[in-house]
Amino acid sequence: MATSIGFEHVRKVYADGTVAVDDLTLEVNEHELLALVGPSGCGKSTTLRMANRLVEPTSGRILLGGEDVTHVDAVGLRRRMGYVIQHVGLFPHRTVAQNVSTVPQLLRWDRARARARVSELLELVGLDPDVYGRRYPHELSGGERQRVGVARALAADPPVLLMDEPFGAVDPVGRRRLQGEFRRIQRELGTTVMLVTHDVDEAVRLADRIAVLSPGGHLEQLADPVQVLAAPASPAVADLVGTDAAVRLLSLGRLRRSDLAPVTGAASVRAGARPQAGEPAVLELGSSFEDGFAALAGTESGSVAVTEHGVVVGVLDAGHLLAALRRVMFDAQHAPVTSPTTTVGTLPG
């Protein structure tokens with residue numbers, strides 16, 4: 001079953017006349033992680049909740065794999081979509097295993113199948129089922145509860161996962177770790193994900209594409225993280241990204257051969273040679289600019305050898321790292337300009 005999510009001219013107006021979402025058209029591609037970002041009141045959570053009909057749209061169409069979700073049973077629809085919120089919402093009187101098996105039980109899975117799925121998912125999110133399965137939510141840390149929430153959302157193997165500020169209640173160190181583990185799980189399972197976050201860094205770190213919304217539910221830009229950072233499509237996007245876009249790009253840019261200085265006689269390793277035992281740590285071609293910056297900060301020589309398959313192919317220094325960062329920004333700023341509606345293609349149906 002196709003698992004893209006399409007919004008066609010979707011509008012949500014509340015009874016008091018407040019326009020939460022206005023003429024929204026976008027598509028979340030199959031297997032993609034799309035982040036919705038924007039200031040408070042921009043309609044990002046409303047948009048997410050319209051996808052599983054926790055909020056009903058005023059007009060327009062919302063499509064799941066080409067099927068209009070407003071024409072299907074809402075309860076059945078929600079069982080086909082995982083849903084994770086900031087404060088998890090675990091049932092306090094049920095054990096971790098019972099929480100994770102909630103949807104399989106509703107779907108009338110037999111006990112053996114449900115038990116096997118619970119063990120599989122707890123292991124997937126890094127919790128030993130023999131240790132954690134019998135615990136109750138109050139016996140868990142915030143990060144552990146969030147892991148259980150993700151496991152519960154994935155229990156029935158939903159093709160689509162909706163996430164509303166899923167890591168916001170976790171401390172910064174735990175949040176970074178959870179983000180990395182979730183991205184690994186999402187890629188492994190191929191789940192289509194819509195993620196709402198107020199944290200631009202989180203969106204940049206996790207998303208394949210970012211949809212930037214402004215107050216009133218207007219779509220300002222829909223693009224990959226590099227383009228959002230380096231080439232904001234409007235003043236509203238530029239304001240959201242802030243003045244430290246170049247710093248955020250450090251985690252996204254990847255080193256190419258053309259970014260490197262040639263190895264000279266003064267270098268510690270000659271070009272084409274394999275690094276010798278006892279030499280300082282080297283970078284692998286394709287490493288992030290962030291890794292390059294960290295490596296340079298830890299060396300006294302001011303340069304770091306870069307290898308490909310164990311063979312040194314060049315040297316990175318501060319000047320070449322800065323040039324590489326400018327290269328990424330230039331490429332993004334000179335990419336073909338597209339409006340938010342023309343980047344999504346033609347929606348099915």
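A few points about this structure:
- Filtered residues of segment 19-47 (kept if at positive phi and either outside any loop (DSSP other than H, G, I, E, B) or crowded, with 22+ Cβ neighbours inside 10 Å (or both)): Asp23, Gly38, Gly43
- Of all residues in segment 114-140, those satisfying the criterion of being without any contact (Cβ under 8 Å) to a residue 12 or more places away in the chain, farther than 13 Å from Leu90 by Cα and not hydrophobic (A, V, I, L, M, F, W, C) are Glu120, Glu123, Asp128, Asp130.
- Asp16 vs. criteria assigned to a strand (DSSP E or B) and among the acidic types (Asp, Glu): no
- Matching option when the condition is open to solvent by 20 Å² or more (accessible area, probe 1.4 Å) and of a type in the set (A, V, I, L, M, F, W, C), among Leu189, Leu162: Leu189
- Matching entry among Ala151, Ala211, Ala203 (being at pLDDT 90 or above, open to solvent by less than 10 Å² (accessible area, probe 1.4 Å) and assigned to a helix (DSSP H, G or I)): Ala203
- In segment 224-244, the residues that are of a type outside the set (Val, Ile, Thr) and assigned to a loop (DSSP other than H, G, I, E, B): Asp224, Ala231, Pro232, Ala233, Ser234, Gly242, Asp244
- Counting only residues that are at positive phi and either in contact with a strand residue (DSSP E or B) (Cβ under 8 Å, 6 or more places away or on another chain) or open to solvent by 40 Å² or more (accessible area, probe 1.4 Å) (or both), segment 54-66 holds 2 of them.
- Checking Arg184 against (1) open to solvent by less than 10 Å² (accessible area, probe 1.4 Å); (2) more than 18 Å from Leu54 (Cα to Cα), the condition it does not meet: (1)
- Among (1) charged (D, E, K, R); (2) touching a strand residue (DSSP E or B) at 6+ places or on another chain (Cβ under 8 Å); (3) modelled with pLDDT of 90 or more - the single one Asp239 does not satisfy: (2)
- Scanning segment 168-179 for residues that are free of Cβ contacts under 8 Å to residues at least 40 places away in the same chain and not β-branched (Val, Ile, Thr) returns Asp171, Pro172, Gly174, Arg175, Arg176, Arg177, Leu178, Gln179.
- Each residue in segment 179-192 was checked for being over 21 Å from Ala156 (Cα atoms) and either more than 11 Å from the chain's Cα centre (by Cα) or outside any helix (DSSP H, G or I) (or both), and 0 pass.
- Scanning segment 79-99 for any residue that is in contact with an Asp or Glu (Cβ under 6 Å, 6 or more places away or on another chain), open to solvent by less than 20 Å² (accessible area, probe 1.4 Å), within 26 Å of Gly143 (Cβ to Cβ) and modelled with pLDDT of 90 or more turns up nothing.
- Only residues that are modelled with pLDDT of 90 or more, open to solvent by 30 Å² or more (accessible area, probe 1.4 Å) and in a loop (DSSP other than H, G, I, E, B) were counted across segment 111-145, and they come to 4.
- Screening Pro235 on (1) open to solvent by 40 Å² or more (accessible area, probe 1.4 Å); (2) touching a residue at least 60 places away in the same chain (Cβ under 8 Å); (3) not acidic (Asp, Glu) shows it passes everything except condition (2).
- Residue tally, condition at pLDDT 90 or above, surrounded by 13 or more Cβ atoms within 10 Å (Cβ to Cβ) and more than 14 Å from Arg254 (Cα to Cα), over segment 315-349: 3
The values are calculated or read from the model by the stated rules, or taken from the named source; none is laboratory data. Not measured: the values here are computed from a predicted model. Ideal geometry is used to build each Cβ from the backbone, glycine not excepted, and the neighbour counts take in all protein chains shown. To get the accessible areas, we keep the full protein, side chains included, count just its heavy atoms, and leave off ligands, DNA and RNA. Shrake-Rupley method; radii C 1.70, N 1.55, O 1.52, S 1.80 Å.
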